[in-house]
Structures are given as C-alpha cells and as structure tokens.
Amino acid sequence: MREKFYQELLHLAPNAQSARFLLAVSGGRDSIVLAHLFTKCNLFFDIAHCNFHLRGEESDKEMVFVQNIPFLSSQKVFVKEFDTFAIQKNSGKSIEMIARELRYQWFEEIGEDYYYLVTAHHANDNAETILINLLRGTGLRGMQGIAPKNGKIIRPLLKFPSYLIEKYCIEQDLEFCLDSSNLKDEFLRNKIRHNIIPELEKIKPNFIDTFTKNCSTFKQQTQFLDSQIQHYKNQIWIEKDNRITINIDALKDTPFYSIILFEILNPLGFNSDDVENILKSCDSHSGKRFLSHTYSLVKDRNSLVIEMIEEKNEDEIIIHSIEEFEKYGFIIKKKRNNSNLNITANPKLILIDVAKLIFPLSIRSWKKGDSFYPFGMKTKKKLSNFFTDLKIDIFKKQKIRILCSNNEIVWIINYRADNRFRVDEHTEWYYELRSQNLEAMPK
C-alpha cells in the first residue's frame with residue numbers, strides 16, 4: 001500500500017520530497033495510517049489536532065494520545081481547543097458544520113508555512129458523501145464527491161477503501177483511538193455507513209471501487225456540462241449592482257431549462273426541490289420568495305431576482321437634534337425663507353418647514369399600512385401603492401427607510417417628500433436636508 005500511496009501523493013503533490021506538509025490527525029485509525037505512511041515515505045510533515053470538546057474525557061484522551069504517538073516524536077504537534085457548543089449556540093448551524101468550519105479556519109491560520117494541508121478522507125468517505133448528496137438532492141456535480149485537491153488541501157487516501165486502510169493498520173500494529181460518536185446512528189452519515197453501504201456491498205462486493213472509478217467519469221462529464229451551462233447562462237443571467245436577474249422568457253427558450261436553472265442556482269444554495277418550486281412560480285403572480293442560506297430569490301413580473309441576504313438590523317434611529325443627522329450620512333442646513341426660493345424635484349434633497357417638525361425624529365423601515373401625502377398632492381397614498389407605481393421590487397423595498405416626525409412620514413428617503421412638511425408662504429425658517437452616504441444607517 002505504501003508504494004501506491006506514494007504514487008497517488010506524487011500525483012497531487014509533484015514536489016512531495018521537498019514540500020512541507022501539515023497533516024490533520026484526529027487520532028482515529030485513518031489519520032494514524034496517513035501519518036504512518038508519511039513517516040515511511042520519509043516526508044517532511046507536522047501534525048495539527050483539534051479538540052472540539054464534544055465527547056468530554058474521550059476528546060481529552062484523544063488529544064493526549066496524538067501528542068504522544070511514538071513514531072511522531074520528531075514532528076511538531078499543533079493543538080487547538082474549541083468551546084464548540086458555545087460557538088454553535090444561536091448560530092443556526094449543526095454542530096458538525098461548526099466543527100468543520102472551525103477546523104479548516106484554524107488549518108488555514110497555521111498552514112501558511114506549509115505547501116499542503118492533508119486530510120485522511122478515503123474512498124468510503126467519498127461514497128458516503130455521494131449518497132448523502134443524492135438524498136439531499138444533487139445534480140451531476142454532487143456525484144463527484146470529495147475533491148482530491150482543493151487549493152492547498154490534498155487527500156491522498158481518497159482512492160483507498162477502508163478495508164485496505166484497516167489491513168495496513170493491522171499489519172503495522174498501529175494503535176489508534178475509537179470515536180464513540182461514529183458508532184451512533186443518530187447522524188445521517190453513520191446511518192449510511194452502518195446500514196446502507198454494507199447492504200450495497202452484499203449486492204456488489206466491489207461497490208466502493210466502482211464508486212471511485214465513477215467519480216472520475218462524473219468529473220469529466222461535469223466539465224463538459226459546465227461549458228454548456230456557461231453558454232446558456234450568458235444568455236439569461238444579468239448581474240448588476242450586487243443583483244442577479246434571470247429573464248423568465250429567455251430561460252424557457254433554452255433547451256432543458258430546468259437543468260440549466262438548477263445548475264446556475266445550486267451554487268447559490270438552492271436544491272432540486274427549491275428549483276422545482278421556483279419553476280412553478282414562473283407561471284404565477286409576482287412576489288413569491290425563496291431562500292437559501294445565503295441568497296433570496298423573488299419572482300418579480302417576468303424575472304427571477306436574486307440578492308445576497310444581508311444581516312438585518314431593524315433598530316430604529318432616533319434623531320434628537322439637527323446635528324445628529326450628520327452621523328447617519330446626511331447634510332443639513334437651516335435657512336431663512338425668501339421669495340427667491342427655488343424648489344427642485346430632487347428625491348435626495350428636501351426642504352422642510354422648521355415649524356412643522358416635532359423632535360425627536362425617527363428613521364425606520366417602512367411598514368405595511370404606512371401612508372403619506374406625496375409632495376405636490378393633497379390626497380393620502382399608501383406606501384405599498386406608491387412603490388407599485390414606481391415598479392420598486394421587493395429587494396429595494398426592504399432597503400428603503402423613512403424619516404418620521406411624531407409618527408407621521410416626512411420623507412421616503414431618496415424617493416419622495418411628504419407634502420404636509422413642505423415650505424410654503426408662511427414658512428419663516430426651513431431645513432435643507434440632503435442624503436449623501438447612508439452606510440451608517442440600518443439596512
């Protein structure tokens with residue numbers, strides 16, 4: 001196995017004999033075999049171990065074990081301890097996802113002096129990942145499984161099934177730690193490992209080897225598919241000002257448009273079920289919204305409009321004096337009224353009768369049911385109707401803020417002033433208020 005391993009390593013790291021490697025070693029069988037193979041190949045490497053404190057004393061024993069592996073006495077052992085449960089709390093992510101993020105983030109931090117970061121993923125891990133992808137909904141890309149190389153990260157054991165790793169471990173009489181969490185079927189991966197794969201191996205004994213070979217085929221097919229997807233994506237996808245717009249008519253004119261849509265939306269976090277529902281919405285009324293972890297998609301008239309989800313901050317800003325406006329990206333001046341006053345229709349600048357304002361003022365998001373008297377009009381209008389008339393889509397609506405005095409709208413910022421606060425013949429003093437940079441405001 002050592003010779004085959006070395007050849008696979010050379011394929012991923014041609015400069016292996018001169019390179020510096022950092023190995024992720026948990027203390028389990030696979031990572032111990034990985035470290036032992038590196039030792040037998042006379043390679044320069046050090047060890048990185050994470051203690052996530054997920055299994056109490058067992059996690060601490062693993063940490064001590066890794067720090068005292070006999071055949072690694074000449075290697076540096078970097079150890080990082082995490083309070084993983086505390087970090088995961090209120091994150092909305094699974095404990096497994098948090099641990100993975102922490103692990104790779106730390107590897108990047110300490111791995112700057114190394115050519116490669118090495119993990120012990122093997123062929124069975126790859127098969128499990130592909131089956132998980134199938135269960136969650138995936139296209140051809142998800143059938144490739146785990147990448148053997150991703151930037152500095154390499155996985156030289158990826159073509160080796162677990163039985164060969166186990167055999168090597170026995171032959172070399174290697175000690176390792178057992179992770180009790182791997183024995184529990186409460187995790188999806190463990191259910192597949194303990195129940196599904198053994199049944200598949202009964203049907204086809206070389207099931208893992210077949211999966212490994214297929215991954216190479218799937219990769220080539222995906223490369224061909226990507227070139228076709230990009231061709232059609234260029235025809236239907238418009239990206240401008242951090243917003244993506246997909247024309248529905250153009251989408252439906254493409255061949256196999258459901259596949260095209262899945263392939264361009266899946267990298268944004270939308271799965272096959274999402275895409276199926278999105279396609280159904282194309283023939284319905286506007287306003288239907290779909291969310292991935294990072295993106296929001298809305299069916300708006302004849303388009304699908306996509307924006308990255310911004311962290312919400314619904315706090316209301318209270319303005320106690322005119323000087324405070326400058327903190328939030330406004331320019332304000334107090335002026336005396338005169339007969340030469342020139343009122344321009346500039347949505348980013350308004351003139352407000354000083355006597356009509358009641359401090360403190362507030363800046364907030366608009367709410368359903370809000371209404372105002374548009375500048376130049378004597379009749380009330382709902383903000384929702386005002387936005388509809390201007391054809392403002394749902395994403396822009398979410399970002400719009402309004403200036404209020406005594407719970408009455410003074411200004412839909414950057415859109416329209418309220419007629420009740422305008423300068424008239426009775427005005428003695430007025431404020432000239434101009435929006436400039438609103439980055440300091442809640443969005």
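The values are calculated or read from the model by the stated rules, or taken from the named source; none is laboratory data. As the structure is a prediction and not an experimental result, all values here were calculated from the model. Reconstructed Cβ throughout: ideal geometry from the backbone, glycine too, with neighbour counts over all protein chains shown.
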Among (1) without any contact (Cβ under 8 Å) to a residue 60 or more places away in the chain; (2) outside the structural domain of Thr388 (by TED's automatic domain parsing); (3) of a type outside the set (Lys, Arg); (4) surrounded by fewer than 17 Cβ atoms within 10 Å (Cβ to Cβ) - the single one Asp273 does not satisfy: (1)
Given (1) of a type in the set (A, V, I, L, M, F, W, C); (2) within 30 Å of Met63 (Cα to Cα); (3) part of a helix (DSSP H, G or I), index of the condition Ile229 fails: (2)
Residue selected from the range 278-308 under the condition outside any strand (DSSP E or B) and under 15 Å from Asp393 (Cβ atoms), by the criterion farthest from the chain's Cα centre (by Cα): His285
Test: residue in the range 429-438 that is touching a Gly at 6+ places or on another chain (Cβ under 7 Å), under 16 Å from Ser362 (Cα atoms), at pLDDT 85 or above and not basic (Lys, Arg): yes
Residue, surrounded by the most Cβ atoms within 10 Å (Cβ to Cβ), within the range 28-85, restricted to residues that are among the β-branched types (Val, Ile, Thr) and farther than 27 Å from Leu164 by Cβ: Thr84
So Val64, is it in contact with a strand residue (DSSP E or B) (Cβ under 6 Å, 6 or more places away or on another chain) and modelled with pLDDT of 90 or more: no
Some residue of the range 395-406 being crowded, with 18+ Cβ neighbours inside 10 Å, hydroxyl-bearing (Ser, Thr, Tyr) and modelled with pLDDT of 90 or more: yes
Residues of the range 376-393 that turn out to be hydrophobic (A, V, I, L, M, F, W, C), touching a Phe, Trp or Tyr at 6+ places or on another chain (Cβ under 9 Å) and surrounded by fewer than 20 Cβ atoms within 10 Å (Cβ to Cβ), as a count: 4
Lone unmet requirement of (1) assigned by TED's automatic domain parsing to the domain that holds Phe160; (2) modelled with pLDDT of 90 or more; (3) surrounded by fewer than 14 Cβ atoms within 10 Å (Cβ to Cβ) for Ile208: (3)
Count of residues meeting criterion [touching a strand residue (DSSP E or B) at 6+ places or on another chain (Cβ under 9 Å) and not hydrophobic (A, V, I, L, M, F, W, C)] in the range 85-108: 3
Single residue of Asp241, Asp173 found to be within 23 Å of the chain's Cα centre (by Cα) and farther than 24 Å from Leu54 by Cβ: Asp241
In the range 142-155, the residues that are surrounded by fewer than 18 Cβ atoms within 10 Å (Cβ to Cβ) and either under 19 Å from the mean Cα position of the chain (by Cα) or among the hydrophobic types (A, V, I, L, M, F, W, C) (or both): Ala147, Asn150, Gly151
Enumeration of residues in the range 363-389 that are touching a strand residue (DSSP E or B) at 6+ places or on another chain (Cβ under 8 Å) and either outside the structural domain of Asn407 (by TED's automatic domain parsing) or not basic (Lys, Arg) (or both): Ile363, Ser365, Trp366, Gly369, Asp370, Ser371, Phe372, Tyr373, Pro374, Phe375, Leu383, Phe386
